[in-house]
Amino acid sequence: MIRLLLNMICALLDRLSLKWIHRIGAYLGRIFYLVATRQQRLLVDNLRQSGLFSSEQALQQAVRHNQQQMGKFILESLAIWSRSQAQVLQWVRQVHGKACLDEAIAHGKGILFLTPHIGCFEITSIYYASMQPITVLNRDSRQSWMRTLMQAGRQKGAVTLAPANLKGVRQMLKALYANQAVGILPDQIASKGQGEWVDFFGKPMYTMTLVSQLLSRVDTRVIVVVAERLPDGQGFDLHLKAVSPDAVSSPAKLNQVLEGLVTQFPLQYMWSYDRYKQPS
């Protein structure tokens, strides 16, 4: 029943423009946080912990705006998963920093893409996979009805999914040794024994060691990517920036880079994700 309902929602989204997807998503986002009290608490606590907002009024405005952004993210993700690669790529407006991507491809070595939970991170690998193969670390949904849609929707073009386990790590290493690209959500909570407790906006977060481990094994380029959600359903701007491997060679350094990106796009970060939880 749930899978049938999900298919019906995706069919409806296929008929809508991105403008209407985002308008409906913003409305649903506000409703979601009224009933999802735990997510609302995480959102408020994490925004306050960041120290990015100078007053309580600014903080509450950020909370309301981020609620809308998360609603947009949920619906746009369903729309991306259910549409073709060509349809999804029509939503990409500008690619800032594309020169660093062209240079990395021409260099002929592997590329490690670091894409934090900012904006429409679902679209970044699809964009790159329209040009070159990329292997993306993927943590499956615990719900079987969602898992099928996610896996099919994310494997567009030359995207290959790697499971978030030792087999997936080997798969990514193999891709890098073959001078291909891999993609990671670097602010995802690492599994127990696969991270270190280092500060993220002044509070210890269990941060993955995978990035530093890959860089210690393979000579690769590193590019951080953010897909900025444009206002009024206009689409997405991709922001790419090359960083030196040394700049992310430890969990502490990695979090410093991530903090800088979040500070640039504070209202589009997924603050309701429990960044500071104990690993499992």
Subject >> Percent of alpha-carbon pairs separated by more than 18 Å within region 1-96 >> reply: 56 percent
Original post:
So what are region 154-203's ellipsoid semi-axes, whole angstrom, largest first, if each one is the square root of 5 times an eigenvalue of the alpha-carbon gyration tensor?
Top reply: 25, 13, 11
Original post:
What is the gain in length, in nm to one decimal, between Gln234 and Asp246 on full extension, counting 0.36 nm per residue of separation less the C-alpha to C-alpha distance?
Top reply: 0.7 nm
Subject >> Sequence of Cys120, Cys100 from largest to smallest accessible area, 1.4 Å probe >> reply: Cys100, Cys120
Original post:
So how much slack lies between Thr148 and Leu166, counting 0.36 nm per residue of separation and subtracting their Cα-Cα distance, in nm?
Top reply: 4.3 nm
Original post:
Kirkwood hydrodynamic radius (Cα pairs, Å) of region 144-280?
Top reply: 16.5 Å
Original post:
Protein chains only, probe 1.4 Å: how do His22, His239 rank by accessible area, largest first?
Top reply: His239, His22
Original post:
region 177-249 to region 114-163: how many Å between their Cα centroids?
Top reply: 15 Å
**OP:** Counting only heavy atoms of the protein chains, get the accessible area per residue of region 221-262 (1.4 Å probe) and round it to a whole Å² value.
**Re:** 35 Å²
Original post:
How big, in percent, is the set of alpha carbon pairs in region 173-240 lying more than 21 Å apart?
Top reply: 45 percent
Subject >> Protein accessible area in region 1-133, 1.4 Å probe - carbon and sulfur % >> reply: 57 percent
Subject >> Theoretical FRET efficiency, 1/(1+(r/R0)^6), r = Cβ-Cβ of His96 and Leu4, R0 45 Å, to 0.05 >> reply: 0.65
**OP:** Could you name the aspartates and glutamates whose alpha carbon sits less than 19 Å from that of Lys156, not counting residues in the same chain fewer than 8 places away?
**Re:** Asp14, Glu76, Glu122, Asp140
Subject >> Long pairs among Lys192/Lys253; Lys253/Lys277; Lys109/Lys192, criterion Cα-Cα beyond 28 Å >> reply: Lys109/Lys192
Original post:
When the chain is fully extended, how far beyond the present Cα-Cα distance does Ser84 get from Gln60, taking 0.36 nm per residue of separation?
Top reply: 4.9 nm
Subject >> Solvent accessible area, Å² - Phe32, 1.4 Å probe, full protein context >> reply: 90 Å²
Original post:
Compactness ratio of region 19-66: Cα Rg over 2.2 N^0.38 Å, N = residue count?
Top reply: 1.23
Original post:
Can you run phi through the Karplus equation (6.51, -1.76, 1.60; θ = phi - 60°) for region 196-213 and list ³J(HN,Hα) in whole Hz, with x for Gly and Pro?
Top reply: 9, 7, 9, 5, 9, 6, x, 9, x, 10, 6, 9, 4, 9, 4, 4, 5, 5
**OP:** Equivalent ellipsoid semi-axes for region 112-186, as square roots of 5 times the alpha carbon gyration tensor eigenvalues: give them largest first, rounded to whole Å.
**Re:** 18, 15, 12
**OP:** For region 172-280, give the percent of accessible area contributed by carbon and sulfur heavy atoms, probe 1.4 Å, rounded to a whole number.
**Re:** 50 percent
Subject >> Arg3, Arg221, Arg275, ranked by accessible area, largest first (probe 1.4 Å) >> reply: Arg3, Arg221, Arg275
**OP:** Evaluate 2.2 N^0.38 Å with N set to the residue count of the chain, then give the Cα radius of gyration divided by it.
**Re:** 0.97
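The values are calculated or read from the model by the stated rules, or taken from the named source; none is laboratory data. These numbers come from a predicted model, not from an experiment. Don't worry about glycine lacking a Cβ; one is built from the backbone with ideal geometry, like all the others, and counts go over all protein chains shown. All accessible areas refer to the heavy atoms of the entire protein, side chains included, with ligands and DNA or RNA removed. Shrake-Rupley method; radii C 1.70, N 1.55, O 1.52, S 1.80 Å.
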